[in-house]
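Input: a single structure, listed below in structure tokens.
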Amino acid sequence: GNSVTQMEGPVTLSEEAFLTINCTYTATGYPSLFWYVQYPGEGLQLLLKATKADDKGSNKGFEATYRKETTSFHLEKGSVQVSDSAVYFCALSEIAGKSTFGDGTTLTVKP
Amino acid sequence: DTEVTQTPKHLVMGMTNKKSLKCEQHMGHRAMYWYKQKAKKPPELMFVYSYEKLSINESVPSRFSPECPNSSLLNLHLHALQPEDSALYLCASSLGLAGVVSADTQYFGPGTRLTVL
């Protein structure tokens, strides 16, 4: 079946540091890939998505590229802020309506 | 309006109670979802409605009963829950204009935090 593996957390960075959160996936077909962010006490918000190989999703300084050859969708940001502290979920959707989520990575950014 | 609203925000109930969770969206989305999320875990899909018809039930126990009275509303009726059902219940919606498609972006509500005593 489908699966998503995220780098284990938690991740602690200083403000303005470079962020990478690794995500690799296993799927039988051609899934769409997503990054969601969940702030404390809130629901999930879509951060970015990519629907086919080599697509790059970007939003609020975050980027991720759909790499079919390495089955990866790593999340990057050049300079993190304290307000980026949250839990980040990588997810794929192959079968309509069914998303497979990674376990989540908790990011803490210190001033 | 890109918002999914959920009520109540918090709910405490006993194992013999009957309660309902409510979800509403006014984005014209035709697919709606219920998820259950335990602390420090990813969301788990429970149900999917497409055009007000139940299209996916992830083998959820019958003590959870979903209802989609119209295209904007989604309810989750709760009866005889167990303490292990305590969790954050998230509602989501997506365009779903051609049925539910894999690339559909899901918009999540803030959730209802449920505690079963």
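Structure above, values below:
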| read-out | value |
| --- | --- |
| Test for B:V60: is it at the interface with another protein chain (Cβ under 9 Å from one of its Cβ atoms) and either part of a loop (DSSP other than H, G, I, E, B) or under 14 Å from the mean Cα position of the chain (by Cα) (or both) | no |
| Residue in region B:66-81 that is in a strand (DSSP E or B), facing chain A (nearest Cβ under 8 Å) and surrounded by 14 or more Cβ atoms within 10 Å (Cβ to Cβ) present | no |
| Subset of region B:24-36 (residues that are more than 14 Å from B:S65 (Cα to Cα) and under 11 Å from the mean Cα position of the chain (by Cα)) | B:E24, B:M32 |
| Candidates A:S72, A:S99, filtered to the one that is surrounded by 20 or more Cβ atoms within 10 Å (Cβ to Cβ), touching a residue at least 12 places away in the same chain (Cβ under 8 Å) and touching a strand residue (DSSP E or B) at 6+ places or on another chain (Cβ under 7 Å) | A:S99 |
| Pairs with Cβ under 6 Å, 6+ apart, first in region B:9-23 and farther than 18 Å from B:P66 by Cα, second exposed (fewer than 12 other Cβ atoms within 10 Å of the Cβ) and modelled with pLDDT under 95 | B:G14/B:L117 |
| Breaking point among (1) closer than 30 Å to B:R113 by Cβ; (2) hydroxyl-bearing (S, T, Y); (3) buried (at least 21 other Cβ atoms within 10 Å of the Cβ), for A:Y66 | (1) |
| Residue match in region A:47-54 (condition: assigned to a strand (DSSP E or B), under 10 Å from the mean Cα position of the chain (by Cα) and either at pLDDT below 95 or among the basic types (K, R) (or both)) | yes |
| Residues of region B:25-44 that turn out to be within 9 Å of another protein chain (Cβ to nearest Cβ) and in a strand (DSSP E or B), as a count | 5 |
| Residue match in region B:1-22 (condition: in a strand (DSSP E or B) and in contact with an Asp or Glu (Cβ under 6 Å, 6 or more places away or on another chain)) | yes |
| Single unsatisfied condition, B:F47 versus (1) farther than 22 Å from A:V4 by Cα; (2) within 11 Å of chain A (Cβ to nearest Cβ); (3) in a strand (DSSP E or B) | (1) |
| Candidate set: region A:8-31, residues that are among the aromatic types (F, W, Y) and within 14 Å of chain B (Cβ to nearest Cβ); chosen: the one nearest to A:G61 (Cα to Cα) | A:Y25 |
| Residues satisfying the stated conditions in region B:5-31, i.e. at pLDDT below 95 and among the aliphatic types (A, V, I, L, M) | B:M13, B:M15, B:M27, B:A31 |
| Criterion (more than 25 Å from B:K41 (Cβ to Cβ) and touching a residue at least 24 places away in the same chain (Cβ under 8 Å)) met by exactly one of A:Q38, A:Q81 | A:Q81 |
| Condition check for B:L54: outside any loop (DSSP other than H, G, I, E, B), touching a helix residue (DSSP H, G or I) at 6+ places or on another chain (Cβ under 9 Å) and over 20 Å from A:L44 (Cβ atoms) | no |
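One line per residue, one yes/no per condition, for (1) of a type in the set (A, V, I, L, M); (2) in a strand (DSSP E or B); (3) within 11 Å of chain B (Cβ to nearest Cβ):
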| position | (1), (2), (3) |
| --- | --- |
| A:W35 | no, yes, no |
| A:E42 | no, no, yes |
| A:A64 | yes, yes, no |
| A:S79 | no, no, no |
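The values are calculated or read from the model by the stated rules, or taken from the named source; none is laboratory data. What you see is a predicted model, and the numbers here were worked out from it, not measured in a lab. Counting neighbours? That spans all protein chains shown, and the Cβs are built from the backbone with ideal geometry, glycine included.
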